[in-house]
Amino acid sequence: PATSKKDDYIDAVKSNLEICNDLDIPKLRVDTADPPTGIPGGMDYETCFSKIAEVWNSAADICMKDDVKLIWEFEPGFLFNKPGEVVRMVYKVDHPNFSILFDSCHGYMCAVVGARQLGEKETLPGGVVQFAHMLTGKIGHIHLIDSDGTLHDGETSTHAPLGTGLLDFDKIIPAILEAGYTDEWWTIDLCFWPKALDVTEDNKKYLDKLIKKFG
């Protein structure tokens, strides 16, 4: 969204929105697309930040007409991944149909490790729990997966199977719920995990226990 022409980006949103409508998919995920190593297109920081927010505001409005929520998944692999930037962006977009896709492993890598952040590193003393609370009323979808504190291929968060990493889900799940997440979907995300299908059953069992305890 930073370097695309607005009309081109909106056309892409509309194209994907057609797929959502055809398949009855209630949410459309977006990201900032550019790597977090610098501000793209020769823009200054604030110009880039504001442009993305303005484009997403328009996209959220278009999606709302079809009852599809626009959700942004922040992560170390893409621009604007500091906790403060994520919170600022969702309020900068300022649209009731725009919210955050909160991925637990990205939450850890962004709030605890401060991975691949541009400029001065920003972490939170309360980690993932604090990050979720900072997004109260703004979490529109969740990906639940563990983290071993590393990056996959040096780019984005390693998505470790549930129960094998560093995350304390007995604290994280209540924080997400306290932040106002009420959607029926709790999604397992084994992105980039080798032979993901081999560990899916165990992850489902782990998640079932969390749902029974907190859902």
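A short reminder: the numbers here are calculations on the coordinates, not readings from a lab. Only a predicted model underlies this, so the values are computations on that prediction, with no experimental measurement involved. Here Cβ is always computed from backbone atoms with ideal geometry, including for glycine, and neighbour counts include all displayed protein chains.
Worth pointing out:
- Candidate values (1) 0.94; (2) 0.99; (3) 1.08, label of the one derived for Cα Rg over 2.2 N^0.38 Å: (2)
- Ordering C110, A160, H133 by Cα displacement along the dipole of region 6-214 toward the positive end leaves H133 in first place; charges were set at the Cβ atoms of Lys, Arg (+1) and Asp, Glu (-1).
- Cut-off under 5 Å, modelled amide H: who pairs with R29 long-range: I71
- With contacts taken as Cα pairs under 8 Å at a separation of at least 6 residues, region 6-214 carries a relative contact order of 17 percent.
- Once the Cα atoms are used to define both axes, helix 196-214 deviates from the longest principal axis of the chain by about 80 degrees.
- Seen through its C-alpha gyration tensor, with square-root eigenvalues sorted a ≥ b ≥ c, region 21-117 comes out oblate because a/c lies at 1.5 or above while a/b is not bigger than b/c.
- Charging the Cβ of each Asp and Glu at -1 and of each Lys and Arg at +1, and nothing else, the dipole of the chain about its Cα centre rounds to 420 debye.
- Packing, taken as the mean count of other beta carbons within 10 Å per residue, orders the peptides 149-157, 14-22, 169-177 from highest to lowest as 169-177, 149-157, 14-22.
- Shape of region 126-215 from the C-alpha gyration tensor: oblate (a/c of 1.5 or more and a/b not above b/c, with a ≥ b ≥ c the square roots of its eigenvalues).
- 5 angstrom amide H check on I188, placed H, neighbours 5+ away: L144
- Separation of the K6 and D67 label points, Cα + 7 Å toward Cβ, nm: 2.9
- Mean Cα-pair separation over length for region 36-113, i.e. relative contact order, pairs under 8 Å, 6 or more apart, %: 37
- Region 147-215: relative contact order as a whole-number percent, Cα under 8 Å and 6+ apart: 34
- Near the amide H of L151, within less than 5 Å, lie the amide hydrogens of T158, all on another chain or at least 5 residues away, with H placed in the peptide plane.
- Converting phi to 3J(HN,Hα) with the Karplus coefficients 6.51, -1.76 and 1.60 and the offset θ = phi - 60°, region 23-35 yields 9, 6, 8, x, 9, 10, 8, 10, 9, 7, 6, 7, x Hz in sequence order, with x at every glycine or proline.
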